[in-house]
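Accompanying notes for the structure given below.
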Amino acid sequence: MCFVDLEKAFDRVPRGVLWGVLREYGVSGPLIRAVRSLYDRCQSLVRIAGSKSNSFPVRVGLRQGCPLSPILFIIFMDRISRCSHGVEGVRFGDLRIVSLLFADDVVLLASLARDLQLSLDRFAAACEAAGMKISTSKSEAMVLNRKKVECLLRVKEEILPQVEEFKYLRVLFTSEGRMEQEIDRRIGAASAGMRTLQRSVMVKIYRSQLNLPDDLRSYPYLWS
């Protein structure tokens, strides 16, 4: 497995490339003009210690906080993923899974180290062609095996660190494939949530039963 981190993912998307991807996916006419209008004449400036620079045009990056931005990014990343697909991957029943993608959280999968390196090479090339860059300091490799197996993956000349565990989408994966640690973590999180809920419920019960004056009702911490 290779957990790939993209450097400043949202901020690096070249808008010119994005418009081409949208047209390739069938978005055209008034719809693409409406999307582009959100980014036309986009200007920024830099403020340091109260001083402001002259405004300058911004031609890369998606709008932070815009509800459309995640959809645009998913389409953009889907194009990169399709361009980098090969014959590698792992079998899961009748399916062959090459990668897992959730926004900018990417996992490349393969049964052999050389196949995983080929998949990583293609993905890195597709990212570079689209104006994106892999962060080698945050991307990591992991081998799912009871025995310790070395897996040296490279992005150009940089070797990615190999780890024994990695948290992907808030789920902890370990090289031995064990889930006990993740189960214990979930039980602990659920127990903490139940304790918080219990305190909140008990406070409401105490308030309703004791018929406190209004001035004391504003201090719930006295009963928590």
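Does the chain come out rounded, prolate or oblate by the C-alpha gyration tensor, with a ≥ b ≥ c the root eigenvalues, rounded set by a/c under 1.5 and, if not, prolate when a/b is larger than b/c and oblate if not? In terms of gyration-tensor shape, oblate.
Strictly over 30 Å apart at the Cα level, which of Lys8/Lys167; Lys8/Lys148; Lys8/Lys52; Lys52/Lys138; Lys52/Lys156 would you flag in this model?
Lys8/Lys148; Lys52/Lys138; Lys52/Lys156
Once C-alpha pairs closer than 8 Å and six or more residues apart are averaged by separation and normalised to the residue number of the stretch 101-198, the relative contact order reads 20 percent. Taking Cα centre as origin and charging only the Cβ of basic (Lys, Arg, +1) and acidic (Asp, Glu, -1) residues, the dipole magnitude of the chain rounds to 720 debye. So which helices of the chain fit the span-like rule, where a helix is a whole DSSP H run, its Cα atoms reach 18 Å or more along the axis, and its mean Kyte-Doolittle is at least 0.5? Those that clear 18 Å and a mean of 0.5 are 69-84.
Projecting the Cα atoms of Leu112, Cys66, Leu101 onto the charge dipole of the chain (Cβ charges, centred on the Cα centre) puts Cys66 farthest toward the positive pole.
Near the amide H of Leu160, within less than 5 Å, lie the amide hydrogens of Leu153, Arg154, Val155, all on another chain or at least 5 residues away, with H placed in the peptide plane.
No value in this document is a laboratory result; all are computed from the given coordinates. Since this is a predicted model, take the numbers as computed values, not measurements. Positions of Cβ are backbone-derived with ideal geometry, glycine not excepted, and every protein chain shown enters the neighbour counts.
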